[in-house]
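All remarks here apply to the structure that follows.
The values are calculated or read from the model by the stated rules, or taken from the named source; none is laboratory data. Quick caveat, the model's predicted, so the values are computed rather than measured. When we count neighbours, we look across all protein chains shown, and the Cβ atoms used for this are built from the backbone with ideal geometry, even at glycine. Surface accessibility is based on the protein's heavy atoms, side chains included, excluding ligands, DNA and RNA. Shrake-Rupley method; radii C 1.70, N 1.55, O 1.52, S 1.80 Å.
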Amino acid sequence: MATKNILPPISLVQRKEYTARIREWNDAYAAETGARRGCFVLTFGCQQNEADSEKIAGMAEEMGYEIVASPEEAHLIMVNTCAIREHAEKKALSIIGQYKHIRAKNPELIIGVCGCMTAQEHRRDELKMKYPYVTFTLGTASLHHFPKVLWDTLSLKRRFITSESEEDFTKTVAEGAPIRRVSGYRAWVSIMYGCNNFCSYCIVPYCRGRERSRAKEDIIREVRELVEAGYKEITLLGQNVNSYGKGTDCDFADLVAELDAIEGDWWLSFMTSHPKDASRKLIDVMAAGKHIARRFHLPMQSGSDRVLKVMNRHYNMEKYLDTVTYMREKMPDVVITSDIIVGFPGETEEEFEDTLRALEAVRFDMLYSFIYSPRKGTPAAEMEQIPDVVKGSRFDRLLATQNAIAAEKNKPLEGKLLRVLCDGESKGNPRVYSGRTEGGKIVFFEGAPDMVGGFVNVRIERTEAFALWGKVEK
Ligand code: 5AD
Ligand code: SF4
């Protein structure tokens, strides 16, 4: 069976106890002033961080805060950081830097920093020394300690810039935190935490700890409740979802098959899959599924076998292409997307061209491409680096190749009637609405407020590399 809730019971009791104390303090403030203390949550990074922020906001609300839309209105600011590339860290640090002025006007303001950045000792030191108004840090594996850390910082009037415990980092699966979902029709559901893969470029295993899976029953209950509440797309999240339940009698394909049996009009999607673990069994479950979106995000990272080896990816291009072929055999309309890193240390021109050739061979619908960013503490950061100009020009060539492919892949959709989950008004033009297909492609159409959060059928009239345009048909 999948991992049980192995969070030591004391932590759960603690969460409730400290939540009640802060709630009382906030209720007294509200009774006195007629307004609630505000909490502002700012999120950087991936969907897992968005999901974590929904828990942070949920817990803050449970503690009696009102979630507010700007840092100026807040008594508590939580910055949920990302460490995947240097740019993401710099952005978060720059915003935290700007909060100095807000704190100067409001000395009672509490600023907490959470997310992947806080797992790195050098970043915690930086926060300690250069950002004295940051009151506490909270690691991704320690979210359930939020009420206690907040209470300690409030009552002891001291800072807690600390690392998380070994137990939280390696074993803890905390259930029961309230979730304040941003959307009323698309929901994230974390199914596992951490990563054991240690790809040589990646900081995530050092920030999010070891792989641990939620119990199957807890996931099924959460998804069922969401479907019953009218959610239309539910995305299962994990750093490597295919590792779900490893060593138990329920693997990821079994979990997906069980979830697919939940009745209703909804889509089930998941991310991210590691190519070394994407099984034929999972593809068969998808092909037979009723609700499972025919979309597969399968990060390839490089098209060169030598680079893949140094990246510690544990597959080669033959295995990757074999998976793609099997997927298309079983689901000819499947949308396949990927991540590529250009300029990995030691990547030669020939190896980069292998990646371009791989793009031509696979023909992804969409690609997320990244310039390699050295991450302190990872093996690749110690290897000989490629000059920035070379990285930049390879990145541009990669985009040009992929843009042409994406445009060609979208062209045959012209004239087709596609089911689209409507998100609402697009930026810039209130009459033009946007939504996404089952494969995650963005579609623009003339819409109306009553379509938001529901499915509409759109006849596609025009396509480009990144978007489709069409008309709603009743
Ligand atoms: N530099 C650039 N891109 C990276 N990714 C992970 N680590 C790095 C890094 N150090 C990319 C990978 C991964 C995606 C989420 O981010 O492509 O799949
Ligand atoms: Fe990073 Fe690799 Fe784990 Fe993905 S599988 S989070 S790229 S270490």
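Listed values, structure above:
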| item | result |
| --- | --- |
| Of all DSSP beta bridges in the chain, antiparallel share, percent nearest 5 | 35 percent |
| Lysines with Cα under 16 Å of Lys416, excluding same-chain neighbours fewer than 8 positions away | Lys441, Lys471, Lys474 |
| Percent carbon-and-sulfur accessible area, region 414-473, ignoring ligands, DNA and RNA, probe 1.4 Å | 50 percent |
| Ordering of 157-170, 58-71 by packing [mean C-beta count within 10 Å, highest first] | 58-71, 157-170 |
| Ordering of 381-389, 245-253 by burial proxy (mean other Cβ atoms within 10 Å per residue, highest first) | 245-253, 381-389 |
| Backbone HN-Hα couplings from phi across region 207-221 [Karplus 6.51/-1.76/1.60, Hz, Gly and Pro as x] | 9, 10, x, 7, 5, 8, 9, 6, 5, 3, 4, 5, 5, 4, 4 |
| Unmatched cysteines, the chain - criterion: no other Cβ of a Cys under 4.7 angstrom | Cys39, Cys46, Cys82, Cys114, Cys195, Cys250, Cys422 |
| Protection proxy ranking of 91-104, 338-351 - average other beta-carbon atoms within 10 Å, highest first | 338-351, 91-104 |
| HN-Hα J in Hz across region 344-352 - Karplus 6.51, -1.76, 1.60, θ = phi - 60°, x for Gly and Pro | 4, x, x, 5, 8, 4, 4, 5, 5 |
| For the chain: relative contact order, % (alpha-carbon pairs under 8 angstrom, 6 or more apart) | 11 percent |
| Principal-axis tilt of helix 388-410 within the chain, Cα atoms, nearest 10 degrees | 60 degrees |
| Between region 360-409 and region 292-344, the Cα center-to-center distance that results, in Å | 14 Å |
| Helix-only CD estimate at 222 nm, as mean residue ellipticity for the chain, using -39500 (n - 2.57) per DSSP H run (n ≥ 4) | -12000 deg cm²/dmol |
| Where the chain is the region considered: accessible area per residue in Å², 1.4 Å probe | 44 Å² |
